[in-house]
């Protein structure tokens, strides 16, 4: 479900019009997050570290209104729920795009991940049978750590936020993970990325 915003009364209408008119309205940042407690939880519970931090990420995404906005034919819609379209790898080192339905329940969300993993492992298809704008695009890159990154660009304007999760690394007594965040400035400002980052870190700490 989604609802259309009244652009005329939106307090960001001038920002939207400015950035939406640009050929490249995107900005990207890379933020380090402390994943020490999330990693410990994965070990203590036998759960996937990826599933735990992705769930923490999606809870934060769904708590920040601007991350739920999408542009459709120059109109802005707010979706009720945002899901995860993550790249999931196969044994032959290829991958498929998933569509993982979000749930506040970790157990249900993790079950949805496992179903998508099985579907991708049993297929050579790149795209999922269910897809849409009501998601984020995300990739885990556990082979290396990075301090910046760039997403591929199709040439068609896109309003779906994109995330990349780096290999973890030790810093003092903490386990860290850098997260690349790419967003459309017509919908999302630095303030909103800051809101997300604060909530994501809070979720990782629980």
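Just a yes or no: is a residue in the range 76-95 without any contact (Cβ under 8 Å) to a residue 40 or more places away in the chain and under 15 Å from the mean Cα position of the chain (by Cα)?
Within the range 76-95, one or more residues are without any contact (Cβ under 8 Å) to a residue 40 or more places away in the chain and under 15 Å from the mean Cα position of the chain (by Cα).
Suppose we keep only residues that are part of a strand (DSSP E or B) and over 18 Å from the mean Cα position of the chain (by Cα) within the range 157-175. Which one would you say is surrounded by the most Cβ atoms within 10 Å (Cβ to Cβ)?
Step by step, filter the range 157-175, then rank; the result is 175.
Among the residues of the range 74-98, what is the count of those that are in a loop (DSSP other than H, G, I, E, B), touching a strand residue (DSSP E or B) at 6+ places or on another chain (Cβ under 8 Å) and surrounded by 15 or more Cβ atoms within 10 Å (Cβ to Cβ)?
Counting residues in the range 74-98 that are in a loop (DSSP other than H, G, I, E, B), touching a strand residue (DSSP E or B) at 6+ places or on another chain (Cβ under 8 Å) and surrounded by 15 or more Cβ atoms within 10 Å (Cβ to Cβ) gives 2.
So that you can scan it fast, the table gives a plain yes or no per residue for (1) under 23 Å from residue 21 (Cα atoms); (2) free of Cβ contacts under 8 Å to residues at least 40 places away in the same chain:
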{"position": "128", "(1), (2)": "no, no"}
{"position": "140", "(1), (2)": "no, no"}
{"position": "146", "(1), (2)": "no, no"}
{"position": "176", "(1), (2)": "no, no"}
{"position": "184", "(1), (2)": "yes, no"}
{"position": "188", "(1), (2)": "yes, no"}
{"position": "193", "(1), (2)": "yes, no"}
{"position": "198", "(1), (2)": "no, yes"}
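Out of (1) part of a strand (DSSP E or B); (2) without any contact (Cβ under 8 Å) to a residue 24 or more places away in the chain, what's the single condition that is false for residue 42?
(1)
Report the residue count in the range 13-35 for those that are crowded, with 17+ Cβ neighbours inside 10 Å and either part of a helix (DSSP H, G or I) or free of Cβ contacts under 8 Å to residues at least 24 places away in the same chain (or both).
The number of residues fulfilling the criteria is 3.
Only one of 50, 102 is touching a strand residue (DSSP E or B) at 6+ places or on another chain (Cβ under 7 Å), crowded, with 21+ Cβ neighbours inside 10 Å and outside any strand (DSSP E or B); which?
The conditions single out 102.
Of all residues in the range 120-156, which are touching a strand residue (DSSP E or B) at 6+ places or on another chain (Cβ under 8 Å) and not in a loop (DSSP other than H, G, I, E, B)?
Those that are touching a strand residue (DSSP E or B) at 6+ places or on another chain (Cβ under 8 Å) and not in a loop (DSSP other than H, G, I, E, B): 120, 135, 136, 137, 138, 139, 140, 141.
If I filter the range 184-206 for residues that are part of a strand (DSSP E or B), crowded, with 20+ Cβ neighbours inside 10 Å and out of contact with any helix residue (DSSP H, G or I) (no Cβ under 9 Å at 6 or more places or on another chain), do I get at least one hit?
Scanning the range 184-206 turns up no residue that is part of a strand (DSSP E or B), crowded, with 20+ Cβ neighbours inside 10 Å and out of contact with any helix residue (DSSP H, G or I) (no Cβ under 9 Å at 6 or more places or on another chain).
State all residues of the range 53-69 that are surrounded by 15 or more Cβ atoms within 10 Å (Cβ to Cβ) and part of a helix (DSSP H, G or I); if no residue qualifies, say none.
Passing the criteria: 53, 54, 55, 56, 57, 58, 59, 60, 61, 66, 67, 68.
All of the numbers you see were taken from the coordinates with simple rules; none came from a lab. Remember, it's a predicted structure, so these values are computed and weren't measured experimentally. When we count neighbours, we look across all protein chains shown, and the Cβ atoms used for this are built from the backbone with ideal geometry, even at glycine.
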